[in-house]
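The values are calculated or read from the model by the stated rules, or taken from the named source; none is laboratory data. Everything numeric here is computed off the predicted structure, so don't read it as measured data. Cβ sites come from the backbone with ideal geometry, for glycine too, and all protein chains shown count toward neighbours.
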Amino acid sequence: MLRLIFKRQKVLILGFLLLCVLGIILVTELPVQLYPQTQRPRVRVRINYTGYSAVDFSRQYGEDVEAQFLTVEGVSTLEAEYRNDSGDFTLTFDWNTDSDTAKADVEAVMNTIRSLLPEDVRDDYWVRFFTGENAGFLLMGVRAPGISPKALYELIKSNLENQLSQVEDAELVEIVNIEDKEVEVLLNNAALLAYSLSINDVDAAFRRGHLPRPLGSIEDTERDFSVRNLTDINTIYDLENLIIADRGNVAIRLKDVADIRIRYTLPGQALVLDGAPAVRINATPKDGGNIRQMSQDVLEILETAIQDGVLPEDTAFQLYVDPAEYINRSIRNVVSAALLGAGLAMLIVLLTLGELRNTLLIGISIPVTMILSFILMYFFDVSLNLISLGGIALAVGMVIDPSIVVLENIHRHYSETPEIREPRHLMHIIITAVGEVAVPVTASTLTTVLVFLPISFTAPLTNAILGDQASTVIFALAFALLISLSLIPLVAFRLHPLKLSGNTEKPRGLTRFSLAFMHGLTRGYRGLLSFLIKTRVRAGGLIAGSFVLLALSVSLLLPLIPKEIISSPLSNRIIVFFRSMETEDRVEIVENIVPRLESMVHESLGDAVDRTFAQVSGRFNILFIDLVSSGHAEESLAALQRVFVSDNRFYYNVNMWDPAQLPLPRTNDLQLSVHGPEEAVKVNLLEEIRDLVNQSELYGRVFTDPATGVSNQLSLRLRREIIEGFGNLTESSLNTLTGRILRGTASMDFEDGQETITVAAEFPEASLDGIEMLENFLIHTSAGIVPLKHFYDFSRDTAVAGIASEDGEHIFRLYGRMLPGTPAAERVKNEESIRSILREKLALPPGYTLAFDNPQEELDEAIRSLFIALAASVALIYLVLAFQFNSLRLPLVILVTVPLGFIGVVLSLFVFKSSLNLNSLLGTILLAGVVVNNAIIMIDFYLRISSHHESKTDAITIAAGLRFPPIIITMLTTILGMLPLAIGLGEGSNIVQPLGIAVSGGLFISTLFTLFVVPAILSFIPKEQKET
């Protein structure tokens, strides 16, 4: 094959050049994302049912609603949370379900669910992708000093809203004014009674609306005309003239029975930042959308509008949250780490080989391999993201290994040949040298590739996170092998000069130093190895000591290493999600609650705080905290989690936040469930357990599902014997009237500039301030004016404030998360402590039980599947080696380096305080393929020369000495190539840092075992000869 390559040199070189051009073109076509899709599609539906308690709506409609949601194709889990006045339904789909299809299917089934709901709530719902509380979004303020904020808002709304809504990766783009126009219609019950009216009459007028009413059609001179009745109500300022009823020739208008107030108030989401008003633009990504591209598209639309004169020239954007900034920086840091690793690897090659020519020859493999890998990434739909780029950075130190082995053997044969007078002779030397290592190089590369194949069969979460990384490494290694066996020999032939008689130059400078250094190092290694394997006692002691060290590291150090799915990027931003259980009034939150929370933050963190700002929407609100640096982020997070503890008055959720964070399923450290017959009792037990767990101070955050708390209920029982005496009242009409007294009328919509204003009429709070006022509320009947208590018996009771269910079954659970940085080994210990506390202090009523669940089942499955993948990889490697060496015994000698390399993994993760996660486990799997490579080549050489030496010890020592230089070089290049990843330079790099630490530490230790333990084991095995 190689002879054919030499005959077609120009064709081969041209082919590689064309492929490189294609790779450069295709890399520009690859989508750039932060991460691949690492979450199953999740869709959330919120149904607002004002006036219904959590218990009532759940009992009357919940079962039917949930049954309909469970019919949606691909749904794996349905979570329902019922609260007073509204409920959330979260549908989690299978991994292979398309996100857009999932949302469309949910929207379709809502058409069926609507028909099951009461008429007054069936249209009050929304369907959105559920991205969780830590999802990235864009938040910017827009200012133009030359015009008012209101005018700027109208320009953006009228000219850009359509373009912004079409941003491909955004689910929702909102343009938020600094103020909203609000119309309040407060009914005067005394005036209504004076006109013998009720709120039912006002409701009927609102339902008729103010739009033209169609009356029919008429034909005139062969043309058809539609006939409609025009009203006098065109704007909100005409609303006061809405006719409620006619009394004789007098029209009773809304202004006669209500007080109409038009005012400006805070918008639905108010941005609180230094008290400065600004038009705000929010962009939320769709599930699986490209957050970076979404941010860039929004900015491009706004910048183009300024250039085209749509917006004033002095328009300025202030980005409060820009995911593109984080993404660009993270990707840039990973790329820089890869380039730095490549530079360090080439430096090692130069220092160890001592020749710039050989260094450049080996260096060819790095850019060519990476460029060609982009071709396969394009055709296999692998995007440029932190995970795939991490694979490229990981492969940088590995792709030159085949070239190093090939070129080192070419260099050795070239140096040992005193005279090369003809190109044909030089070609023969290169072909011979490549032929000696072609099979072991192919086998060693194949073993590394094989370790990644089982990734495709791991748990879905593992495959989603690591699939792109595995693919890029496989692509790079495949091309590295091709280049080492074709392009490298060809270029070496062209760059190595002929050696004429008497024209041999002595090595000088760096070459002389490196040769002397490697010669001395090799001689020292041979001497030490010969000493260790000369007697069976020393060789056996070396082998036994290695496995004792393995047992100690696994039993003592491994349990102390924290466990997680994947490392989170360090950020200088913390967010506090907060909700008041007592008020949702935005003005109250802005003026009183936000300042108090900001004061608590500054008191807790002091000078570590750079700035704070808040996004207030009433129900769910966010306090953003920017730290001076990310250096003390974990300490600050832990401090705030101790300050902001949820109770019956406030809900808090404190997280470190970064738009560049990998979206992953949330894992908890404690999960327990309460079982029993009565819901109220279970909620009380949850509350008691929550307080006991909080008092233990073992967890940074403790919360329950559903939220603990009691809902006060007022029950009205109809007096049927009374209502029969009122001819104009029925049970249904009276209940409808009472509901409208409490909730108000139907609404009307008015177009006001770029805004739609929704208006409804209601009674003022002062007229319904307390149960007594409701009892005495007067209504008009055929028999005169009568209070409500004449028709109802009023009674008070309590019920649970919320109900949660999972796949149709009610759940009552408590969750706990340990403080950041707590070792994973503490999880089991803390759970046992909680068990003891609850056994001692919690009295369970008869019929009620407490169960501790596994809160990390998905994480455990992911890690367990990686261990299975590791075992499968080892089995595949064994089969390849058994085929290569035609032996069942020698592959076992080679595979001994795999478990012994785990010593380096555990020791490195422990010393550098890293974590055991999917990336570090991937590094362990990768190590299984890398560490056997050196042993393969060493044993292959041993089998080649063993027949030429009577002493087995001499044969082992000579073979190991011959392979010592390339083993050391490939180890150092691989470790230094991954060093920037292991150090975690820059934001974003710490995501793949555990992988770099695991491979670097494991490779260093396993190389030592390869150099000493493998020869020691060979010394116990009878001599074998390689078949030719």
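The table below gives the values:
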read-out: Contacts under 7 angstrom Cβ, first residue in the range 49-78 being of a type in the set (Asp, Glu), partner at pLDDT 90 or above, 6 or more apart; value: Asp64/Leu116; Glu66/Leu78; Glu66/Ala80; Glu66/Ser805; Glu73/Asp105
read-out: Residue list for the range 234-271, filter: modelled with pLDDT of 80 or more, in contact with a helix residue (DSSP H, G or I) (Cβ under 6 Å, 6 or more places away or on another chain) and aliphatic (A, V, I, L, M); value: Leu242, Ile244, Ala245, Leu254, Val257, Ile260
read-out: Every residue from the range 766-802 that is modelled with pLDDT under 90, buried (at least 16 other Cβ atoms within 10 Å of the Cβ) and within 30 Å of Asn648 (Cβ to Cβ); value: Ala799, Val800, Ala801, Gly802
read-out: Pair list, Cβ under 9 Å, 6 or more apart: the range 913-929 residue outside the structural domain of Phe1009 (by TED's automatic domain parsing), other residue crowded, with 24+ Cβ neighbours inside 10 Å; value: none
read-out: Residue that is in contact with a strand residue (DSSP E or B) (Cβ under 8 Å, 6 or more places away or on another chain) and over 30 Å from Ala761 (Cα atoms), where the choices are Glu179, Glu171; value: Glu171
read-out: Every residue from the range 141-184 that is farther than 18 Å from Thr265 by Cα, among the β-branched types (Val, Ile, Thr) and assigned to a strand (DSSP E or B); value: Val142, Val173
read-out: Filtered residues of the range 513-551 (kept if in contact with a helix residue (DSSP H, G or I) (Cβ under 9 Å, 6 or more places away or on another chain) and basic (Lys, Arg)); value: Arg523, Arg526, Lys534, Arg538
read-out: Where Ile956 falls short, out of the listed (1) closer than 22 Å to Ile975 by Cβ; (2) buried (at least 24 other Cβ atoms within 10 Å of the Cβ); value: (1)
read-out: Output for the range 699-713, where each listed residue is assigned to a strand (DSSP E or B) and surrounded by 13 or more Cβ atoms within 10 Å (Cβ to Cβ); value: Arg701, Val702, Phe703, Thr704, Asp705, Val710, Ser711, Gln713
read-out: Filter result for Ile757 (surrounded by 13 or more Cβ atoms within 10 Å (Cβ to Cβ), modelled with pLDDT under 90, aliphatic (A, V, I, L, M) and assigned to a helix (DSSP H, G or I)); value: no
read-out: Residue match in the range 811-821 (condition: charged (D, E, K, R), in contact with an Asp or Glu (Cβ under 8 Å, 6 or more places away or on another chain), within 21 Å of Val710 (Cβ to Cβ) and not assigned by TED's automatic domain parsing to the domain that holds Ala80); value: yes
read-out: Single unsatisfied condition, Glu806 versus (1) more than 30 Å from Asn919 (Cβ to Cβ); (2) surrounded by fewer than 13 Cβ atoms within 10 Å (Cβ to Cβ); (3) out of contact with any helix residue (DSSP H, G or I) (no Cβ under 8 Å at 6 or more places or on another chain); (4) modelled with pLDDT of 85 or more; value: (2)
read-out: Residue in the range 517-539 that is closer than 20 Å to Leu640 by Cα, of a type in the set (D, E, K, R) and not in a helix (DSSP H, G or I) present; value: no
read-out: Subset tally (residues that are at pLDDT below 80 and small (Gly, Ala, Ser)) for the range 457-484; value: 2
read-out: Extreme residue, farthest from Gly784 (Cα to Cα), among residues of the range 185-237 that are in contact (Cβ under 8 Å) with a residue 40 or more places away in the chain and in a loop (DSSP other than H, G, I, E, B); value: Thr235
read-out: Selection from the range 699-742 of residues that are more than 30 Å from Ser646 (Cα to Cα), touching a residue at least 12 places away in the same chain (Cβ under 8 Å) and either in the same structural domain as Ala638 (by TED's automatic domain parsing) or charged (D, E, K, R) (or both); value: Arg717, Arg719, Glu731, Arg740
read-out: Residue within the range 375-397 that is aromatic (Phe, Trp, Tyr), out of contact with any strand residue (DSSP E or B) (no Cβ under 8 Å at 6 or more places or on another chain) and not in a loop (DSSP other than H, G, I, E, B) present; value: yes
read-out: The range 391-446, subset in contact (Cβ under 8 Å) with a residue 12 or more places away in the chain and of a type in the set (Asp, Glu), residue nearest to Gly467 (Cα to Cα); value: Asp401
read-out: Matching residues in the range 783-823 - criterion: being of a type in the set (Val, Ile, Thr) and more than 17 Å from Val674 (Cα to Cα); value: Ile785, Val786, Thr798, Thr822
read-out: Number of the exception - Asn111 against (1) buried (at least 21 other Cβ atoms within 10 Å of the Cβ); (2) without any contact (Cβ under 8 Å) to a residue 24 or more places away in the chain; (3) of a type in the set (S, T, N, Q); value: (1)
read-out: Residue count, the range 612-655 (criterion: under 24 Å from Glu179 (Cα atoms), in contact (Cβ under 8 Å) with a residue 60 or more places away in the chain and either assigned to a strand (DSSP E or B) or not assigned by TED's automatic domain parsing to the domain that holds Glu584 (or both)); value: 5
read-out: Neighbours by Cβ (under 6 Å, 6+ apart or cross-chain): first from the range 334-356, modelled with pLDDT under 75; second not in a helix (DSSP H, G or I); value: Val334/Gly988; Ala337/Leu985
read-out: Leu774 among the hydrophobic types (A, V, I, L, M, F, W, C) and not in a strand (DSSP E or B); value: yes
read-out: Filter pass, Ile455 being touching a Leu at 6+ places or on another chain (Cβ under 6 Å) and buried (at least 24 other Cβ atoms within 10 Å of the Cβ); value: yes
read-out: Output for the range 450-472, where each listed residue is closer than 21 Å to Val880 by Cβ, under 22 Å from the mean Cα position of the chain (by Cα) and in a helix (DSSP H, G or I); value: Ile455, Ser456, Phe457, Ala470, Ser471
